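Right, one structure below, let's go through it.
Nothing in this text is a laboratory measurement; each read-out follows from the coordinates by a stated rule. Computed from a prediction, not measured in an experiment: that's the story for all the values here. Every residue, glycine among them, receives a Cβ derived from its backbone with ideal geometry; neighbour counts consider all protein chains shown.
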Amino acid sequence: MHIVFSSKQKDIIRRPFNYELEVNEGTPRSGKTTAGHFRYARYLIESEDENHLVSAYNQEQAYRLFIDGDGTGLMHIFDGNCQIRHDEHGDHLLIETPKGTKRVYYKGGGKVNSVGAITGMSLGSVVFCEINLLHMDFIQECFRRTWAAKLRYHLADLNPPAPQHPVIKEVFDVQNTRWTHWTMDDNPILTEKRKKDIITSLKKNPYLYKRDVLGQRVMPQGVIYGLFDMERNIKDSLFGEPIEMYFTADGGQSDATSMSCNIVTRLRENGKVTFRLNRVAHYYHSGAETGQIKAMSTYATELKQFIEWCTKKYQLRYTDVWVDPACKSLREELHKIGIMTRKAMNNAHDVNSKSKGIEVGIERGQNIISDGRFVLVNHSEEEYDHYHFLKEIGLYSRDDKGKPIDKDNHAMDEFRYSVNVFVTRYINFI
C-alpha cells in the first residue's frame, strides 16, 4: 500500500516510546487513528512482550477500528506475517516480528462486566479506541494488567469529550501522559474543498463546529439530550416487573436503519407505582458508514432475526412493532415475512402548551432521562449493544437557530418513537 503521511503523523510514528500513555485527541477525520496504526505497529516490533490488547466499546469496533482499520490497520501492515487466531484468552491477531511472536487480542470494554474478559491476563500494552466510551473499571484494570510489562505502553484516541468527562481527570491527569491535539488540517487525504464543505455544514451549530472542526472540548449546551448520564441512565439489569415489550424502528438504505427493543417495567417506590422505559437491545446498520448498501428485504430479514433474538433472550412476547410512517417499503417487506407493523408516533401533529411537532417528543425524552425513568440496560452479549445509540446521543444537537439538525439522528428518531409510546401509555404528566 502507498500512504502519504502528514508531518504530524510522521512525528507521531517516529517518536521514542518514553511515555506510558499517549493520547491522540481531536476531530473526526483528522488522521489520528491511521497514525496510531503505524505507531503501534512500530511498538509491536520493538516490544519483547508477547501479549497485547486492542479495546473499543465492543469487539466488532476493536476489530474494525484497529485490526482492519479501513485498510491501514495491523492486519494490513503485517500482511503475510499475521493471521487471526483464537485461544483460551480469546480472538487475536498473531503476528511474527523480528523479536518473536506477538498476540494482539481485541475485546470490548464498554460494559462493567468487560473486566472479566481480561482478568488474569498479563499484557505488554493496551490500545484504547474511543476511550471516552469505555467503562472506567475496564480502563483501570487494563493499566493494572500491564504492570509487569518489559516496555509498558498505552495508546488512546478519542474525539473531544466534554471538559468534565471523567476520563480526563481519572486517566489522563494521573498517568505519565503525552497528549497530542489533532484537527482536519493534520489529515493529508482531505482536500481543501472537502474541508471547506465540512466546515460549511458544521458552522450552523457552534457546538459541533468547536468540537469537530476546532477540536475543542466544549460543554454540550447544543446537545439535545445532554442530561443523559453514563452512570445514572445505564444499568446492568432490569429493575421491576416487566409488563410490556415493543419495538420501534427508523429505516433507510444509504441512511442508517435502526431498531430498538424496549421493555417497560413496573416498580413500587415510596409506596407509589412507577414505570420505567428500558432500552435493552439495538439493531443498527448504516449503508453510508459501512459502504454496504442492503436491500429493504435484507433489512426486514435481519430485523426479524433481531426481534426473535430479543423475545428469546428476555422470554417476553412483544405487543407492537412501530416503524416510521415514511419507511413504507420497509414496512411492506416486514409484512411479507410475517412481522406486522404500526405507524410510529412521530409527533407530526403533536402540539402542547410549550412546543409542537418533534419538539414534543424531544421534550418527553428529556423529561424521562432527567428523572431516571429511561435507562439503557446492558446484556452480556456484544451483539445488539448500545454503541451506536451512545454515539448519536452525544452528537444529536441544534443549529444556531435552535432547530434539531437532521444528522446523527437515526437512533434518536426511533428513540423518540419509543418514548412517545411509553409516555402515551404509562405517563400522564407530559
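Details
- Placing dummy labels 7 Å off each Cα toward the beta-carbon, the span from residue 319 to residue 267 is 2.0 nm.
- Free-standing Cys residues across the chain, given no other cysteine C-beta under 4.7 angstrom: 82, 129, 142, 327
- The chain: proportion of alpha-carbon pairs further apart than 36 angstrom, %: 30
- Springs join every pair of Cα atoms under 10 Å in this Gaussian network model of the chain, and among 172, 138, 66 the largest mean-square fluctuation is at 172.
- Linear extension gain, residue 144 paired with residue 70, 0.36 nm per residue minus alpha-carbon span: 23.6 nm
- Difference of contour (0.36 nm per residue) and Cα-Cα distance, residue 370 to residue 342: 7.2 nm
- Residue 235/residue 2 FRET efficiency (R0 56 Å; Cβ-Cβ; nearest 0.05): 0.70
- Helical content alone sets the calculated 222 nm signal of the chain at -8500 deg cm²/dmol, taking -39,500 (n - 2.57) per DSSP H segment of four or more residues and averaging over every residue.
- Once both labels are positioned 7 Å from their Cα atoms along Cα-to-Cβ, the gap between residue 185 and residue 151 label points is 3.3 nm.
- Coil-residue trypsin sites (Lys or Arg not before Pro) of segment 296-405, DSSP, other Cβ within 10 Å capped at 12: 317, 354, 401
- Angle between the chain longest axis and helix 192-202 axis [Cα atoms, degrees, rounded to 10]: 40
- Label positions at residue 14 and residue 81, each projected 7 Å from the Cα along the C-beta direction, are separated by 2.1 nm.
- Segment residue 328-residue 199, length gained on full extension (0.36 nm per residue, minus Cα span): 43.0 nm
- Distance histogram for segment 15-200 (every C-alpha pair counted, 10 angstrom bins, percent rounded to whole numbers): 9, 38, 37, 13, 3, 0
- Charge tally for residue 56 (other residues, Cβ to Cβ under 9 Å; Lys, Arg +1; Asp, Glu -1): 0.
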